[in-house]
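K.L.:
Take this structure, written in structure tokens, and hold onto it; I'll ask about it next.
The values are calculated or read from the model by the stated rules, or taken from the named source; none is laboratory data. These numbers come from a predicted model, not from an experiment. Cβ: placed from backbone, ideal geometry, glycine included. Neighbour counts: every protein chain shown. Side chains included, ligands, DNA and RNA excluded: accessible areas come from the protein's heavy atoms. Shrake-Rupley method; radii C 1.70, N 1.55, O 1.52, S 1.80 Å.
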Amino acid sequence: MYRFLIALTFAGLLLLDSALPVRAQSSAPSQSVKVTLQLKWAHQFQFAGYYAAQARGFYRKRGLDVTIKPAVPGSKPMEAVAKGEAEFGVGTTDLLMMRAAGDPVVVLAVIYQHSPLALMLDASSPIHNIHQLARGKIMIAPHETELMAYFAAEGLDINHMNFIEHTFDTDDLRSGHVDAMSMYATDESFEYEREVGPVRLFRPIDGGVDFYGDNLFTTEDVIDKDPEMVRAFREASLEGWRYAMAHPEEIVDYIRATYGNRKSRENLLYEARTSADLILADVVPLGFINPSRWERIAQHYAGLGLLPKDMSLSGFIYRRDTMDDLPDWMPWALVGASITAILALLAGLWLAAFNQRLRREMEERERAQGALAQRTDELEESNSQKDVLLTVIGHDIRNLFNPLLIYAQLLADPNRRLDPKTVHEYGEKLYEAGRNASEVLENLLEWALVRTGQRQTHMETTDLGGLARETAGVYSADASLRGVVLKVEPGAPVKVSVDRHQISTVIRNLVNNALKFTPKGGQVSVSVSHTGTEARVTITDTGIGMDRELIDRVLSGESADLATGSKGEIGTGVGLALCRQLVQVNNGRLSIDPNPSGGTIFTVTLPVLEPPFSGH
């Protein structure tokens, strides 16, 4: 049976892979092309990806000879690109106003998914909110429309506020000449805190204004003149950014060695760490552009009277070809969803065959001698639990795969003309549904292997706290995307004898379950403790919770129709049934209790192998 499943899955992979469109690969120009990249500020880690592309030869191998120009005081770096003084530039969201004014600028890639722009105050200032600041003196620079949108979102009249021309000198804040100054939270705050003291930051995102940060851009004229060169420059720059985010210390040392010691090494490393939280290269592909997000930003500009309300963004965002308009993961999401559907069907057939075989075995056992009665009882219990999961397959998996079929049909319908925004929305829904179905299928197959004895238990001495930290830590990015705080407290080292894979599966399921059913703004905590003879892993969430009747049904092995997760996930109870089984196999017990503060507390209790470590 396993050979049949593997062969059929492999055939499906070949079929789906052959159906995927092949994206054209850009070829390097036959001779070196000289281009200029105009930065919006002086040399620092803010532009690390471009330095990495230069230092590592990513530009050179694509036939590009790139000059990187820093901005100089009094210059207008974004306008320099529009005037043809540079082919490429790094700009703010004020590119929208340039486009509306007739400059044919085109955004090639977004580097900072969230803007680092903020207002900095000395922490000793009596000003504690943005409305108090409205009475003070604020130093801001040109092209910081994001701050104006922030003030407007907070109901402030910018015509009655006292704005002062930016000197870019923190002494003005230190001396009290101004009450606040605009700055990048990734940069100036480090120097001020080290030289003066703590600061207080007001960020536009606190008022619901979430603009993009640095954007790589060019003009339509440059694209029309040499589209392959533009494609090569964009690809090399993004490759540089991926390298820079993976090797920040190397790029920091390169900046200081190549462009001078204007910033200390500690300052540049601080900038690298804080920039990573805004670039989010581990969450979204570098350069990712969401057209809907640009539309919302344009609406803020229109609200300030800086753009017409009906301004079209056609041509403003770089397009290569139809497939390139889609996120890079979209074709593979379709492949994964289709394979998951095939595997789910095969798993259902396999379990049905297993059901028939098990029933026949039970009938034969019932006719055997009384000495086999205990074995018969075990088989009946196994059959009962299996019937519960078969019920889940017949009911809940159908619900899981309905959205897969619906959105795949919508995307495949040649008669529908879908705009990129709609395609992106359908793709996200398809990806989420496929991932949920994949998780359920994985748990079903794990349960079947354990119940049939094909998954052997290999006990080994393990530090439970380290295992919990390693397993739960991989969900940090998922928690961040959901807006949920994930805290992991491994506690003091404590030895247990367990199957690492099985207990890791238990912790993974419980943490994933807690994140699914905890709304945005909630918290999930994972902690490890011990009493000397027993060790406990406790997963606590502030989600929708479980009533006592539902808890009793889960712990007794009965079918449990769970609720819907915070992102629309359908709960099946399969993961909890698997957790209960695996904890028992490892000589432990699983308990579930309501959280008095709201939510649920899951506790896995295991015997301690020996007294906890007493090391340093």
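K.L.:
Residue pairs, Cβ under 9 Å, 6 or more apart or interchain, first in the stretch 301-317 and closer than 22 Å to L147 by Cβ and free of Cβ contacts under 8 Å to residues at least 60 places away in the same chain, second among the charged types (D, E, K, R) and part of a loop (DSSP other than H, G, I, E, B). List them.
P.N.:
A302/K309; A302/D310
K.L.:
Out of A352, A341, A373, A333, which single residue is open to solvent by 30 Å² or more (accessible area, probe 1.4 Å) and modelled with pLDDT under 70?
P.N.:
Just one listed residue meets the conditions, A373.
K.L.:
Okay, moving on. For the stretch 85-100, indicate whether the set of residues that are closer than 26 Å to I140 by Cα, at pLDDT 95 or above, in contact with a Phe, Trp or Tyr (Cβ under 6 Å, 6 or more places away or on another chain) and of a type in the set (D, E, K, R) is non-empty.
P.N.:
Scanning the stretch 85-100 turns up at least one residue that is closer than 26 Å to I140 by Cα, at pLDDT 95 or above, in contact with a Phe, Trp or Tyr (Cβ under 6 Å, 6 or more places away or on another chain) and of a type in the set (D, E, K, R).
K.L.:
Say we look at the stretch 148-180 and pick out the residues that are out of contact with any strand residue (DSSP E or B) (no Cβ under 6 Å at 6 or more places or on another chain), part of a helix (DSSP H, G or I) and hydrophobic (A, V, I, L, M, F, W, C); which of these is nearest to K76 (Cα to Cα)?
P.N.:
So, considering only residues that are out of contact with any strand residue (DSSP E or B) (no Cβ under 6 Å at 6 or more places or on another chain), part of a helix (DSSP H, G or I) and hydrophobic (A, V, I, L, M, F, W, C), the one nearest to K76 (Cα to Cα) is M148.
K.L.:
Something else: What do you reckon, is A149 in contact with a Pro (Cβ under 9 Å, 6 or more places away or on another chain), buried (at least 20 other Cβ atoms within 10 Å of the Cβ), over 28 Å from R265 (Cβ atoms) and modelled with pLDDT of 95 or more?
P.N.:
No: the conditions fail for A149.
K.L.:
Among the candidates G522, G532, single out the residue that is of a type outside the set (V, I, T), touching a residue at least 24 places away in the same chain (Cβ under 8 Å) and surrounded by fewer than 18 Cβ atoms within 10 Å (Cβ to Cβ).
P.N.:
Checking each option against the conditions leaves just G532.
K.L.:
I've got another one for you. Would you confirm whether any residue within the stretch 560-573 is more than 28 Å from the chain's Cα centre (by Cα), at pLDDT below 90, open to solvent by 60 Å² or more (accessible area, probe 1.4 Å) and among the hydroxyl-bearing types (S, T, Y)?
P.N.:
No - not one qualifying residue is present in the stretch 560-573.
K.L.:
Test of understanding: among D171, D179, which residue is more than 21 Å from D277 (Cα to Cα), touching a Leu at 6+ places or on another chain (Cβ under 8 Å) and charged (D, E, K, R)?
P.N.:
Just a single option satisfies the conditions, and that option is D179.
K.L.:
Based on this model, can you work out whether S115 counts as small (G, A, S), farther than 30 Å from L481 by Cβ and either in a helix (DSSP H, G or I) or out of contact with any Lys or Arg (no Cβ under 6 Å at 6 or more places or on another chain) (or both)?
P.N.:
Judged against the criteria, S115 is not a match.
K.L.:
Sticking with this one: Can you name the residue in the stretch 496-519 that is within 18 Å of A479 (Cβ to Cβ) and in a loop (DSSP other than H, G, I, E, B) and, of all such residues, is most open to solvent (accessible area, probe 1.4 Å)?
P.N.:
Here the answer is P519.
K.L.:
Follow-up. Yes or no: I289 open to solvent by less than 50 Å² (accessible area, probe 1.4 Å) and closer than 19 Å to R319 by Cα?
P.N.:
Taking the combined requirement at face value, the residue satisfies it.
K.L.:
Could you tell me how many of the residues in the stretch 118-138 are outside any loop (DSSP other than H, G, I, E, B) and in contact with a Leu (Cβ under 8 Å, 6 or more places away or on another chain)?
P.N.:
Residues that pass the stated criteria total 9.
K.L.:
Anything in the stretch 590-604 that is closer than 15 Å to L464 by Cα and either in contact with a helix residue (DSSP H, G or I) (Cβ under 8 Å, 6 or more places away or on another chain) or at pLDDT below 90 (or both)? List them, or say none.
P.N.:
Answer for the stretch 590-604, where residues must be closer than 15 Å to L464 by Cα and either in contact with a helix residue (DSSP H, G or I) (Cβ under 8 Å, 6 or more places away or on another chain) or at pLDDT below 90 (or both): just V604.
K.L.:
Considering the stretch 438-495 alone, what residues qualify as being open to solvent by less than 20 Å² (accessible area, probe 1.4 Å), at pLDDT 85 or above and out of contact with any strand residue (DSSP E or B) (no Cβ under 7 Å at 6 or more places or on another chain)?
P.N.:
G466, L467
K.L.:
Using beta carbons and a limit of 7 Å, which pairs, at least six apart or on different chains, have the first residue in the stretch 246-273 and open to solvent by 30 Å² or more (accessible area, probe 1.4 Å) and the second one part of a helix (DSSP H, G or I) and of a type in the set (S, T, Y)?
P.N.:
Y254/Y51
K.L.:
Next question. For the stretch 162-169, does any single residue satisfy the condition of being open to solvent by less than 30 Å² (accessible area, probe 1.4 Å), at pLDDT 90 or above and closer than 20 Å to A71 by Cα?
P.N.:
yes
K.L.:
Of these, S237, S312, which one is more than 20 Å from P116 (Cα to Cα) and in contact with a helix residue (DSSP H, G or I) (Cβ under 6 Å, 6 or more places away or on another chain)?
P.N.:
The unique qualifying residue is S237.
K.L.:
Additional query: With respect to A302, is the statement that it is part of a loop (DSSP other than H, G, I, E, B), at pLDDT below 95, open to solvent by less than 60 Å² (accessible area, probe 1.4 Å) and among the aliphatic types (A, V, I, L, M) true?
P.N.:
Spelling it out, it is not the case that A302 is part of a loop (DSSP other than H, G, I, E, B), at pLDDT below 95, open to solvent by less than 60 Å² (accessible area, probe 1.4 Å) and among the aliphatic types (A, V, I, L, M).
K.L.:
If R203 meets every condition in (1) open to solvent by less than 50 Å² (accessible area, probe 1.4 Å); (2) closer than 21 Å to T93 by Cα apart from one, which number is that one?
P.N.:
Unmet for R203, out of (1) open to solvent by less than 50 Å² (accessible area, probe 1.4 Å); (2) closer than 21 Å to T93 by Cα: (1).
K.L.:
Considering the stretch 543-556 alone, what residues qualify as being touching a Gly at 6+ places or on another chain (Cβ under 8 Å) and open to solvent by 60 Å² or more (accessible area, probe 1.4 Å)?
P.N.:
Answer for the stretch 543-556, where residues must be touching a Gly at 6+ places or on another chain (Cβ under 8 Å) and open to solvent by 60 Å² or more (accessible area, probe 1.4 Å): just I544.
K.L.:
Return the residue satisfying two criteria in turn: it lies in the stretch 58-86 and is at positive phi and touching a helix residue (DSSP H, G or I) at 6+ places or on another chain (Cβ under 9 Å), and of such residues it is least open to solvent (accessible area, probe 1.4 Å).
P.N.:
This residue is G63.
K.L.:
Taking T186, is it at negative phi, of a type in the set (S, T, Y), in contact with an Asp or Glu (Cβ under 9 Å, 6 or more places away or on another chain) and at pLDDT 95 or above?
P.N.:
no
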